[in-house]
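To start, the structure under review is shown below, and the notes come after it.
A short reminder: the numbers here are calculations on the coordinates, not readings from a lab. Note that the coordinates shown come from a computational prediction; the quantities given were computed from them, not determined experimentally. Quick reminder, even Gly has a Cβ in these numbers, built from the backbone with ideal geometry, and neighbours come from all protein chains shown.
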Amino acid sequence: MVVWELIFWISVLLIVHTYFIFPFLLNVLTRKRDLSFLDTYRKDKNLPFVSIVMAVYNERNVIERKIKSVLETDYPTEKIEFLIGSDASSDGTDDIIKELAKNDERIKFFRFAERSGKIKIINELVSKSKGNIIISTDAKAFFLPDTIFNLVKYHKDSRIAATGGFLINELKDDSGISLQENLFMDREMQIKYRESLLCLYPIGLYGAMYSIKKEFFTEVPENLMVDDFYINMKVYEKGGKAVFVPDAKAIENLPNEITEEFRRKVRIATGNFQNLRRFYRFMLKPFTCLGFNFLSHKALRWLGPFFMLIAFIALLMLWNTLFYRALLFISLFVLSVPIIDFLLGKVGVHIKILRLITHFIAMNIALALGFFNALKGVEKGIWQPSKRY
């Protein structure tokens, strides 16, 4: 009994730490800090040349808006090149890019005749780039006029090798999971910002929009499903640091359909466990800031489904104790919430707290599936863009 109680409470503590204790500690430790301790470029003083790289696949509906959002910038136009690689798009995306490139020499278009995957394309585009700073972005992340400058400005500080920005979600529809995903994303971005304030080690930059000094860029293995995390952690391996920048913003609406978001999260989870296998050594040093952030923010969260399973098994073993029996019934009710939420949704009733629980359970199921996908192995990281517009 004592052993099973210990197993239960340790499992619960690890879950509570990653979702609640760690963010609380970050807020306490950084509540009086901001990014003013970093050196920055001024808009009118010797800004570096920037190469923006983007892989696209069948983005006909958004590609023109995306390209214009990048090039209609307050960053010096003569210090920008935009390299776009089409992964054998078949919906007319290429024609739109070619037409825009006719009138703007900053656009450099490369078509890949066969599906190659985002990672191979980004690797090749970076190798062809001229800039000292690389900005990687996605077709559905629309820049604001000052996005490029705000991503780049902290690179003047010799410590900073990479920067990430905040994503703004304009789609809020209570019929799906966009509200719940927006809550999750906002919290994630705040955690990354606080990790930056704590010690310049935010864990995971968003592939939709991040920048990196070219000498810190590492070619990504083509079978990886999550390239941005790999690139971020390789920066730390090379001795660089990073910062999450609140005023570097892009608009990227979130999926509203839970099935669409679930598919995306399984893909990301697969990549997470691929990266955990490569970078687990960081979490073996939990008393360093980098190790503490990695273990608390990512590793424990990724392993969360297994802690939940262990805690559930412990409750079954503690059935004879009234307190733990009550906890077991509460757990079974929580696990039934997605069914209740689904049935209510069928009749047009959308209760936010139930949808939030559904989202949380789906996210952890996706993590478990991603773990087993990573165990089986991934031969090539071909991707299918999410439906967001």
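Of the residues 62, 152, 243, the one that moves most in a GNM of the chain with alpha-carbon contacts below 10 Å is 62. Of all beta bridges that DSSP places with both ends in the stretch 35-256, some 30 percent have antiparallel geometry.
Think of the chain as having a plus end and a minus end, set by charges on the Cβ of Lys, Arg, Asp and Glu; of 142, 41, 83, 41 sits farthest toward the positive end of this dipole.
Expressed to the nearest 5 percent, the antiparallel share of DSSP beta bridges inside the chain is 30 percent. Once backbone amide H atoms are built at 1.01 Å from N, residue 244 has 164, 196 as its partners under 5 Å, excluding neighbours fewer than 5 places away on the same chain. Our coupling estimate for the stretch 48-54, obtained by passing each phi through the Karplus curve with A = 6.51, B = -1.76, C = 1.60 and θ = phi - 60°, is x, 6, 10, 10, 9, 10, 8 Hz, Gly and Pro reported as x. With θ taken as phi - 60° and the Karplus curve 6.51 cos²θ - 1.76 cosθ + 1.60 applied, the whole-hertz 3J(HN,Hα) list for the stretch 321-331 is 9, 3, 4, 6, 5, 5, 4, 5, 5, 5, 4 Hz, x standing for glycine and proline.
The Cα center of the stretch 259-296 and the Cα center of the stretch 302-350 differ in position by 25 Å. The distance separating the Cα centre of the stretch 2-17 from that of the stretch 70-134 comes to 50 Å.
Close amide H pairs (under 5 Å, H built 1.01 Å from N) link residue 206 with 165, residues at least 5 positions away or on another chain. Stretching the chain fully between residue 13 and residue 332 yields a gain of 112.9 nm (0.36 nm per residue, less the alpha carbon separation). Taken one residue at a time, the phi angles of the stretch 99-115 give Karplus couplings (6.51, -1.76, 1.60, θ = phi - 60°) of 5, 5, 5, 4, 9, 8, 5, 6, 7, 10, 9, 10, 9, 9, 5, 10, 4 Hz. Gly and Pro are set to x. Here the chain is assigned +1 on the Cβ of each Lys and Arg and -1 on the Cβ of each Asp and Glu. Its dipole about the Cα centre then comes out at about 860 debye. Which residue, 371, 55, 206, has the largest displacement toward the positive end of the dipole of the chain when charges sit on each Cβ (Lys, Arg +1; Asp, Glu -1)? Going by the Cα projections, it comes out as 371.
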